[in-house]
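The structure appears below as structure tokens.
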Amino acid sequence: MLSFDGIAPAYFCLTKINAKDSMKAAVIDQRGGLPHYTEFPDATVQNEDEVLMTVEAAAIKHIDRSRASGAHYSGNAADSGQAIVIGGDGVGILADGSRVYAMGLRGMVAEQAAIDKNRMVSVPAQLDNATAAALPNAIIGAAMGLRFRAAIQPGDVVLVNGATGFTGRVAVQIARYYGAKKVIATGRNPKSLQDLLALGADEVISVQQDDDAFVAQIRALHSHSPIDIIIDYLWGHSAELVLTALKGKGSFTHPVRFISVGSMTGDKIQLSAESLRSVNLQISGSGLGSWTRSEVSKLFSEILPEMFQLAANGQLTIETVIVPLADIGSIYNVALPDGKRLVIDMK
Ligand SMILES: NC(=O)c1ccc[n+]([C@@H]2O[C@H](COP(=O)([O-])OP(=O)(O)OC[C@H]3O[C@@H](n4cnc5c(N)ncnc54)[C@H](OP(=O)(O)O)[C@@H]3O)[C@@H](O)[C@H]2O)c1
């Protein structure tokens, strides 16, 4: 569950429930367990900044699984030892009938959720629930890094390392929208690499080739049209190779901003000090804890509304797999191929 202030939210204990004060929900009883479809105490508001939302759809992302299992650095829901509703964000209807995207304060994959009324975004009428529920995490993973950590400018050359996943596909499209002159996409799945050409990538590079060939291909592209920004979803070995490809020979080098956003292939890398000194390189990360309050505020006031409108206009495309709430246990850990996002339908 996202908590921009880094405060672990409190969770409801699954105690005595009667039919009047309970809702259907996807609940994890203990850290690391699978969620199951069950009755859970109704969501309630705890202060004047909170409002209740009738949830229509919620996306399941890596951060949801990571927090529920206790593995995410931002803290985890299951530490309380109490049963919790899973999921961090989704789309639903407020008491006044308006349809909004929001982050659940104490879980989102349920018929109801308490949300922060200062951190919600109207969903355009043309945008379906599943797309509006699935997009924001990827927008955060793409736009926050591109805009605030990399300070992307029109004309920049952007390399997306690990672009074949859901967030990478969105990053390719947003980099293009922000005016990138050239987008280079690396990844594993050959079909997805081809899809990326249609989504705005100019060049695709397989991470599954021989290390030397991978480095040589990036080095050749970098010497022809110097890379300004690297957005990385993999870390691990491929990130080491990308950094190796930038290594200079003691002469002037082109400035490169390397932004770590995900770590699908490992949490650690080896970085040679010589390589680091040989190039004009800034390495930073984009994630919970790295953004300023003002950047998070812009996410809700500017970035998400703008991206929702792009998606509503058909200029930002994603694919979702929609599954009913009752099936949560069987679908939760299924790896969806080809950059699709799992969305739970609550209706
Ligand atoms: N910091 C943030 O704000 C933020 C926001 C969103 C996401 N993220 C992080 O970004 C990462 C990607 O998220 P996502 O939503 O795009 O996940 P996703 O849709 O599941 O995609 C995962 C990606 O990792 C690739 N991958 C996995 N194992 C690989 C391997 N051994 N070699 C090469 N590629 C491999 C997959 O390649 P294939 O397509 O070949 O399977 C796919 O491209 C995650 O670590 C996530 O937590 C961070």
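The values are calculated or read from the model by the stated rules, or taken from the named source; none is laboratory data. Quick caveat, the model's predicted, so the values are computed rather than measured. For neighbour counting, all protein chains shown are included, and Cβ atoms are generated from backbone atoms with ideal geometry for every residue, glycine included.
Taking the criterion of being more than 25 Å from Arg176 (Cβ to Cβ) and either modelled with pLDDT of 95 or more or more than 11 Å from the ligand (Cβ to nearest atom) (or both), would at least one residue in region 296-310 satisfy it?
yes
Taking the condition surrounded by fewer than 21 Cβ atoms within 10 Å (Cβ to Cβ) and assigned by TED's automatic domain parsing to the domain that holds Asp89, does Ser122 pass?
So Ser122 passes the test.
Could you please find all residues in region 320-333 being of a type in the set (D, E, K, R) and either in a loop (DSSP other than H, G, I, E, B) or in the same structural domain as Thr164 (by TED's automatic domain parsing) (or both)?
Residues satisfying the conditions do not exist here.
How many residues are away from the ligand (no atom under 15 Å from the Cβ) and out of contact with any strand residue (DSSP E or B) (no Cβ under 8 Å at 6 or more places or on another chain) if we restrict to region 174-207?
The number of residues fulfilling the criteria is 4.
Give region 218-235 a look and list any residue that's more than 28 Å from the chain's Cα centre (by Cα) and surrounded by 14 or more Cβ atoms within 10 Å (Cβ to Cβ), or say none.
In the first step, residues of region 218-235 are kept if they are more than 28 Å from the chain's Cα centre (by Cα); the result is 219-220, 223-225.
Residues satisfying the conditions are Arg219, Ser225.
Ser294 is checked against (1) exposed (fewer than 13 other Cβ atoms within 10 Å of the Cβ); (2) assigned to a loop (DSSP other than H, G, I, E, B) and fails just one. What number does that condition carry?
Here Ser294 clears every test but (2).
For the structure I just gave you, tell me whether Leu243 is closer than 24 Å to Gln153 by Cα, of a type outside the set (Ser, Thr, Tyr) and crowded, with 23+ Cβ neighbours inside 10 Å.
In short, yes.
Considering Ile93, Ile115, Ile140, which residue is under 21 Å from the mean Cα position of the chain (by Cα) and either surrounded by fewer than 20 Cβ atoms within 10 Å (Cβ to Cβ) or not assigned by TED's automatic domain parsing to the domain that holds Met53 (or both)?
Criteria check complete, one pass: Ile140.
Which one of these does Thr317 not meet: (1) assigned to a loop (DSSP other than H, G, I, E, B); (2) within 14 Å of the ligand (Cβ to nearest atom); (3) of a type outside the set (Gly, Ala, Ser); (4) under 15 Å from Ile139 (Cβ atoms)?
Evaluating Thr317 over (1) assigned to a loop (DSSP other than H, G, I, E, B); (2) within 14 Å of the ligand (Cβ to nearest atom); (3) of a type outside the set (Gly, Ala, Ser); (4) under 15 Å from Ile139 (Cβ atoms) leaves (2) as the failure.
List every residue pair whose Cβ atoms lie under 6 Å apart, where the two residues are 6 or more positions apart in sequence or sit on different chains, the first residue falls within region 260-278 and is closer than 16 Å to Leu246 by Cα, and the second residue, located anywhere, is among the aliphatic types (A, V, I, L, M) and assigned to a helix (DSSP H, G or I).
Pairs found: Ile269/Ala239.
Quick one: would you say Ala125 is over 21 Å from Asp345 (Cβ atoms), more than 15 Å from the ligand (Cβ to nearest atom) and of a type in the set (Gly, Ala, Ser)?
So Ala125 fails the test.
Here's the yes/no breakdown for (1) outside the structural domain of Gly266 (by TED's automatic domain parsing); (2) among the small types (Gly, Ala, Ser); (3) within 16 Å of the ligand (Cβ to nearest atom); (4) part of a strand (DSSP E or B):
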residue: Arg31; (1), (2), (3), (4): yes, no, no, no
residue: Phe40; (1), (2), (3), (4): yes, no, no, yes
residue: Leu52; (1), (2), (3), (4): yes, no, no, yes
residue: Gly87; (1), (2), (3), (4): yes, yes, yes, no
residue: Ala102; (1), (2), (3), (4): yes, yes, no, yes
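Please list, ordered by first then second residue, the pairs with beta carbon atoms under 7 Å, 6 or more apart or interchain, first in region 332-343 and closer than 11 Å to Asp195 by Cβ, second within 11 Å of the ligand (Cβ to nearest atom) and part of a loop (DSSP other than H, G, I, E, B).
Correct list of pairs: Asp338/Asn189; Gly339/Thr164; Gly339/Gly165.
So Ile63 clears everything in (1) part of a loop (DSSP other than H, G, I, E, B); (2) buried (at least 20 other Cβ atoms within 10 Å of the Cβ) except one condition, right? Which one?
So the condition that Ile63 fails would be (1).
Right, Arg277: over 27 Å from His72 (Cβ atoms) and either within 16 Å of the ligand (Cβ to nearest atom) or among the charged types (D, E, K, R) (or both) or not?
Yes, satisfied.
Evaluate region 271-285: report whether one residue or more is among the acidic types (Asp, Glu), out of contact with any strand residue (DSSP E or B) (no Cβ under 8 Å at 6 or more places or on another chain) and in a loop (DSSP other than H, G, I, E, B).
No, because not a single residue in region 271-285 is among the acidic types (Asp, Glu), out of contact with any strand residue (DSSP E or B) (no Cβ under 8 Å at 6 or more places or on another chain) and in a loop (DSSP other than H, G, I, E, B).
Just checking, does region 334-343 include any residue being outside any loop (DSSP other than H, G, I, E, B), of a type in the set (Val, Ile, Thr), in contact with a Ser or Thr (Cβ under 6 Å, 6 or more places away or on another chain) and more than 20 Å from Tyr178 (Cα to Cα)?
Filtering region 334-343 down to residues outside any loop (DSSP other than H, G, I, E, B) leaves 340-343.
With of a type in the set (Val, Ile, Thr) added as a condition, the list becomes 343.
Among the residues that remain, those that are also in contact with a Ser or Thr (Cβ under 6 Å, 6 or more places away or on another chain) are: 343.
Retained after the next criterion (residues that are more than 20 Å from Tyr178 (Cα to Cα)): 343.
Checked region 334-343: at least one residue is outside any loop (DSSP other than H, G, I, E, B), of a type in the set (Val, Ile, Thr), in contact with a Ser or Thr (Cβ under 6 Å, 6 or more places away or on another chain) and more than 20 Å from Tyr178 (Cα to Cα).
Could you list, in sequence order, all residues of region 206-217 that are crowded, with 21+ Cβ neighbours inside 10 Å and of a type in the set (Gly, Ala, Ser)?
Matches in region 206-217: none.
Looking only at residues in region 320-331 that are without any contact (Cβ under 8 Å) to a residue 60 or more places away in the chain and loosely packed, with under 14 Cβ neighbours inside 10 Å, which one is nearest to the ligand (Cβ to nearest atom)?
Ranking the qualifying residues of region 320-331, first place goes to Ser330.
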